[in-house]
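One structure below.
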Amino acid sequence: MPSFEEFADGLTNFTDADSVWRHTASLAYDFGFSSCSLTMAARQATGLESTYLKCDLTEEFHDSYRNDGLIDCDPFLLFSCTGLAAKRIDSSNLSSFPGASIQHQAFLDHVAAAGASNGFAIPVRPAGDEIFGGWLFSSGEGSADFERLVGDHGRETHLAAVLAYERMAALGLGGPKPSNTLSPRERECLLWLCDGLRVSLIADKLAISESAVNLYISNAKRKLGAKTREQAVARALVRGEISL
């Protein structure tokens, strides 16, 4: 199994979005996920329009999503992408999507038929943006086994997904441009975040207060146009501000 560092370094070898998707899907398969999708959409007067869809479920599902209006019933886009928090979802019923109604069940029926009963949803752009959506890593395993899978590899999968999307954005899928370069302290804080440390441990490492760490992270997010810490780390890596 490749390390996360090898995955991140490998992203620089690709010059198109589909290759980045395949690279990310390969890492997900190594972790134990059985399927992977990235869906980006825009709101139009007639409903949602797919701006990028890469999915390894059945060809029938892929065609229905693009051509039969299935995208307009996608609970992941409609309810999981209201924010940027990653979450484990039950793809087989509506309980994972507060606010969803029975009209969205048809979408879940398609997903279940394709063998994806559990999912790990990672939004990369929220519904308030012009283009929004994210990744869904799925499996047909039972809930207990899937929970262990996310527990073992959730953090790496989350960061890999955000980092991969930032590489795609740099290749033309859109995304905000960098404004100012980061300060040395801001880079240090992001590097320690990438290593999985909490703010309190970063403060101990740098011999500064937790408030100072939070301020450096906040400043880095602002400069990078990032909404979350994971997104800030990903953008800093893609833009060469930090390296693993």
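The values are calculated or read from the model by the stated rules, or taken from the named source; none is laboratory data. Values in this document were obtained by computation on a predicted structure and should not be read as measured data. Here Cβ is always computed from backbone atoms with ideal geometry, including for glycine, and neighbour counts include all displayed protein chains.
Residues that are part of a helix (DSSP H, G or I) and of a type in the set (S, T, N, Q) within region 65-122 comprise N67, S80, S95, S96, Q103, Q105, listed in sequence order.
Against the condition over 30 Å from T39 (Cα atoms), outside the structural domain of G133 (by TED's automatic domain parsing) and either surrounded by 16 or more Cβ atoms within 10 Å (Cβ to Cβ) or free of Cβ contacts under 8 Å to residues at least 24 places away in the same chain (or both), how does V233 come out, does it pass?
Values: over 30 Å from T39 (Cα atoms): no; outside the structural domain of G133 (by TED's automatic domain parsing): yes; either surrounded by 16 or more Cβ atoms within 10 Å (Cβ to Cβ) or free of Cβ contacts under 8 Å to residues at least 24 places away in the same chain (or both): yes.
So V233 fails the test.
Selection of first residues in region 100-115 that are closer than 16 Å to S80 by Cα and of second residues that are of a type in the set (S, T, Y), restricted to Cβ pairs under 7 Å at least 6 apart or on distinct chains, gives the following pairs, ordered by first then second residue: L108/S91; L108/S92; V111/S91. Scan region 1-58 for residues that are assigned to a helix (DSSP H, G or I) and not hydroxyl-bearing (S, T, Y) and the total you get is 20.
For region 185-195, the criterion of being without any contact (Cβ under 8 Å) to a residue 60 or more places away in the chain, surrounded by fewer than 16 Cβ atoms within 10 Å (Cβ to Cβ) and not assigned by TED's automatic domain parsing to the domain that holds H23 is satisfied by at least one residue.
Condition check ((1) at pLDDT below 85; (2) aliphatic (A, V, I, L, M); (3) within 24 Å of S143 (Cα to Cα); (4) surrounded by 18 or more Cβ atoms within 10 Å (Cβ to Cβ)) across all residues:
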| position | (1), (2), (3), (4) |
| --- | --- |
| V20 | no, yes, no, yes |
| P75 | no, no, yes, yes |
| S80 | no, no, yes, yes |
| A100 | yes, yes, yes, yes |
| F107 | yes, no, yes, yes |
| G119 | no, no, yes, yes |
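A count restricted to region 67-89 and to residues that are out of contact with any strand residue (DSSP E or B) (no Cβ under 6 Å at 6 or more places or on another chain) and farther than 19 Å from A161 by Cβ stands at 6. Take region 179-216 and flag every residue that is among the aliphatic types (A, V, I, L, M), assigned to a loop (DSSP other than H, G, I, E, B) and within 23 Å of the chain's Cα centre (by Cα). Across region 179-216, the qualifying residue is only L197.
Results for (1) in contact (Cβ under 8 Å) with a residue 60 or more places away in the chain; (2) touching a helix residue (DSSP H, G or I) at 6+ places or on another chain (Cβ under 8 Å); (3) within 26 Å of S80 (Cα to Cα), shown as yes or no for each residue.
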position	(1), (2), (3)
E5	yes, no, no
D16	yes, yes, no
A28	yes, yes, yes
F33	yes, yes, yes
C36	yes, yes, yes
